[in-house]
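Each remark here refers to the structure printed beneath this line.
The values are calculated or read from the model by the stated rules, or taken from the named source; none is laboratory data. Not measured: the values here are computed from a predicted model. Cβ atoms come from the backbone with ideal geometry, glycine included; neighbour counts cover every protein chain shown. Protein only, heavy atoms only, side chains kept; ligands, DNA and RNA dropped before computing areas. Shrake-Rupley method; radii C 1.70, N 1.55, O 1.52, S 1.80 Å.
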Amino acid sequence: GCGHLMAPPDLPAVKADVARYMESPAYERDVRRALRPVRQALRRLDAASATGTAMVLDIDETALSTYEYQKGLGFGHYGPAWHEWQRQRRAVALEPVLEVYREARARGMAVFFVTGRRERSRADTEANLRQAGYEDWSGLWLKPDDHREPSVAPYKASCRAQIEAQGYRILFNIGDQDSDLAGGHAEHTVRLPNPIYRVE
């Protein structure tokens, strides 16, 4: 029964482990490894087969790294600090994701961002994406400011359904959370590593 619960490791030690991983070459290597099937598939795409296809990317810990904010907050979450950090537009590109993005655009594939960031952050998010190196995407879907559902998964799936309704075939849906990928509306899903936080 419950009498044999082991004491968990202390939180500072766990946070130090997470920081060590995120700051080591292993994290980027694991991101790159997860994206390998995407890169292989993109190499096989020519202009004709890319027509009408799309890639969907999550933003935080997928297209952009917010690690500086996460670590600065001790891997916690505080809404006002997060909104201020978004306003500063300081997130940087996850390099392997930016490479895949550029490869997809070069082959004529449409790319859409579907994020749990809220609509009120649109201007800052667009500016941050551009300064991180993301150019000429086809659409950016942000959560409505009044979104109160416990899970973002249905919202994200409905965005992908709307992208399909515009006539696109979503070849790849790439994110760092199960909730980025749940609910279908993509031929292939790619889950990137993220030991920092979980979004239902």
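Things worth noting here:
- Calculated FRET efficiency for the pair Asp10/Arg118, C-beta based, R₀ 30 Å, to 0.05: 0.30
- As a calculated quantity, the FRET efficiency between Asp136 and Arg29 at R0 = 25 Å, using C-beta atoms, amounts to about 0.30.
- At q = 0.10, 0.21 Å⁻¹ the log10 of I(q)/I(0) for region 1-114 amounts to -0.45, -1.15, computed by Debye summation with a single uniform scatterer per C-alpha, solvent ignored.
- Taking N as the residue count of region 147-200, its C-alpha radius of gyration divided by 2.2 N^0.38 Å amounts to 1.15.
- Average accessible surface area per residue within region 1-130, 1.4 Å rolling probe, Å²: 52 Å²
- The H on the amide N of Ala186, modeled in the peptide plane, is under 5 Å from the matching H of no residue at least 5 residues off or on a different chain.
- Each part gets one Cα centre, and for region 1-61 versus region 124-200 those centres are 15 Å apart.
- Virtual paramagnetic centre 7 Å along Cα→Cβ of Ser151, amide N under 15 Å, in region 185-200: 185, 199-200
- Straight-distance candidates among the lysines for linking to Lys15, with alpha-carbon spacing under 22 Å and chain neighbours fewer than 8 residues away dropped: Lys71.
- Placing R0 at 22 angstrom, the Cβ-Cβ distance between Arg191 and Ala48 gives a FRET efficiency of 0.15 after rounding to 0.05.
- Taking label points 7 Å from Cα along the Cα-to-Cβ direction, Ala161 and Arg102 give a separation of 3.7 nm.
- Amide H contacts under 5 Å for Leu73, placed H, 5+ residues apart: none
- Those lysines that a straight Cα-Cα span of less than 19 Å connects to Lys143, excepting residues fewer than 8 apart in one chain: Lys156
- Carbon and sulfur %, accessible surface of the chain computed with the full protein complex present, 1.4 Å: 53 percent
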